[in-house]
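Enquirer: Here it is, the structure, as structure tokens.
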Amino acid sequence: MKHFVFALACLPWTGTVAQESFRILDYSPAPGQFIDYTQFLYPGQRAQDLKATQVCHILDSLYKEASFIYIASLGGFGGSITVKLNKPVPNREGADFKVLGNAFYDAAHTPQLSDTPGGSSEPGIIWVSRDGNGNGIADDPWYEIAGSEHHHPQTVSDYALTYYFDPANPSTHIAYKSATGDTGHIFRISAHTQPTYFPIWLSADSLTFSGRKLPPNARLIENNGRKQWLMLCYPYGYADNQPNNSLSCGIDLDWAVDSSGMPVALEQVDFIKVVCATNQQPDLSVGEISTEFAGILALHGDNTGLKPVENGTDLKVFPNPCQDRIRVQRAASAQAEWLCVFDLSGRCLLRLCVPAGQNGIELETDSWHPGIYLLRFAGKTLKLVKL
Ligand SMILES: [Ca+2]
Ligand SMILES: [Ca+2]
Ligand SMILES: [Ca+2]
């Protein structure tokens, strides 16, 4: 979507990121406003000589560059990236890894939408595979991470979409047609002026993608008389859906299912694939909803991916340990913010919005089971003990 640069971006991340190293096996984006073949050309190279392997090689070098965080767009529905991890991600209790993207909450507007946070959320479905035969190649079964919308009545399990390149008019909107007859376009956006939005190194005429399509998550809301598109976050289980520093961004390998939808027991995974899973083009100012991929973060037993801080001046929770209630206090803030409580498996147990101008809130905790919880609020995470 608009507002993001393709090659260099600041991730909404508050901690130290120690990403997993990986190698790109395949990059097959759908058309999109951030898809630009010219950035992959060697000096003097012709577009028709650009190869998919060359694109993967260049992307690999960009992701390895330590001085900045690289984000690749997957374009519209069906676009994907597949990586091989240099070190497998084990399946331990709770969440095991995060797929990093550039999703963020819009704190100014999400309170209008009850308990559903939103902002920029461009969900992608995650697939995983392990190198079961040990040959280093992704020729083993793939399993889908069944996120929160897997069984939603508006989710379509076998959606298929074909995008068409018009060589006579490459710089126009890219037309598509689904197998069920939906038609539309990946819109041309005035801010992105490359010769075409079509990934012409993959095909010279058309590209067909198929897979599970999630319900649309973009909503047009009105705020102070001004209309604005807001992308609601799905609760869990997708890439580029919840912010990187959100506990809801964690992926548990126990959510993996086989082609029959049955859960599978995975000890570890070596390959991860991310697929843009919605087909939405809100309007000409936003463009297509396109999943972004910024890397993989293994949680390695730290199920949250977040290091809790001690009580401090910015955020206080008391009493801690607690029994029947707690008071959560932040520094005075004019902004509405989400307060979330998670268990140690990364499961969100409570989410509520603290209105603008209110610097604290009381929570009743007498019904909570004794144990350790993580409370996320005001950009901090605190460890909370319930007696
Ligand atoms: Ca797990
Ligand atoms: Ca995004
Ligand atoms: Ca293999």
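Enquirer: In nm, to one decimal, how far is the L349 label point from the K87 one, both placed 7 Å along Cα→Cβ?
Expert: 3.1
Enquirer: Using 0.36 nm per residue, how much length does the chain from D283 to D366 gain when fully extended, once their Cα-Cα distance is taken away?
Expert: Full-extension gain reported as 25.1 nm.
Enquirer: A 32 angstrom limit on the alpha carbon distance is what I want to check against. Which of K51/K213; K177/K273; K84/K316; K64/K386; K227/K386; K213/K383 exceed it?
Expert: Among K51/K213; K177/K273; K84/K316; K64/K386; K227/K386; K213/K383, the Cα-Cα distance tops 32 Å for K84/K316; K64/K386; K227/K386; K213/K383.
Enquirer: Most fluctuating residue of E362, E144, E93 in a GNM of the chain with Cα springs under 10 Å: which is it?
Expert: E362
Enquirer: To continue, here is another question. How much length is gained if the chain between L220 and L25 is pulled fully straight, taking 0.36 nm per residue apart and subtracting their Cα-Cα distance, in nm to one decimal?
Expert: Full extension from L220 to L25 adds 66.5 nm.
Enquirer: Still on this structure, please answer the following. Could you work out the relative contact order of the chain? I mean the mean sequence separation of Cα pairs under 8 Å and 6+ apart, divided by the number of residues, in percent.
Expert: Once divided by the residue count of the chain, the mean separation gives 23 percent.
Enquirer: Which value in nm describes the separation of the simple spin-label points at I58 and S203, placed 7 Å from the Cα toward the beta carbon?
Expert: Reported label-point gap for I58 and S203 is 2.1 nm.
Enquirer: Output ³J(HN,Hα) for the stretch 280-295: one whole-Hz value per residue in order, computed from phi by the Karplus curve 6.51 cos²θ - 1.76 cosθ + 1.60 with θ = phi - 60°, and x for Gly and Pro.
Expert: 9, 10, x, 6, 6, 8, 9, x, 6, 7, 9, 4, 10, 10, 10, x
Enquirer: Checking a compactness column here: for the chain, what do you get for Rg(Cα) / (2.2 N^0.38 Å), N being the number of residues?
Expert: Rg over 2.2 N^0.38 Å, computed on Cα atoms: 1.01.
Enquirer: Rounded if a/c is under 1.5, else prolate if a/b is larger than b/c, else oblate: which is the stretch 151-265, with a ≥ b ≥ c the root eigenvalues of its Cα gyration tensor?
Expert: Oblate.
Enquirer: Please list, in order, the residues from the stretch 197-215 whose amide nitrogen is less than 16 Å from a point placed 7 Å along the Cα→Cβ vector of D49.
Expert: 201
Enquirer: What GluC sites (Glu not before Pro) does the stretch 208-300 have in DSSP loop regions with at most 11 other beta carbons within 10 Å?
Expert: Passing both the DSSP loop test and the Cβ count: E267.
Enquirer: Give the angle, between 0 and 90 degrees and rounded to the nearest 10, that separates the Cα long axis of helix 52-64 from the longest principal axis of the Cα atoms of the chain.
Expert: 30
Enquirer: Using each residue's phi in the stretch 252-261, evaluate 6.51 cos²θ - 1.76 cosθ + 1.60 at θ = phi - 60° and report the 3J(HN,Hα) Karplus result to the nearest Hz, with x for Gly and Pro.
Expert: Going residue by residue, I get 9, 5, 5, 7, 5, 10, 8, 5, 8, x Hz, with x marking Gly and Pro.
Enquirer: Starting from the Cα gyration tensor of the stretch 315-386, take the square roots of the eigenvalues, sort them a ≥ b ≥ c, and report rounded, prolate or oblate (rounded when a/c is under 1.5, otherwise prolate if a/b is larger than b/c, else oblate).
Expert: prolate
Here, each number is a calculation from the coordinates, and none is a lab measurement. Because the structure is a prediction, the values reported are computed rather than measured. Neighbour counts are summed over all protein chains in view; Cβ atoms, including those assigned to glycine, are modelled from backbone coordinates with ideal geometry.
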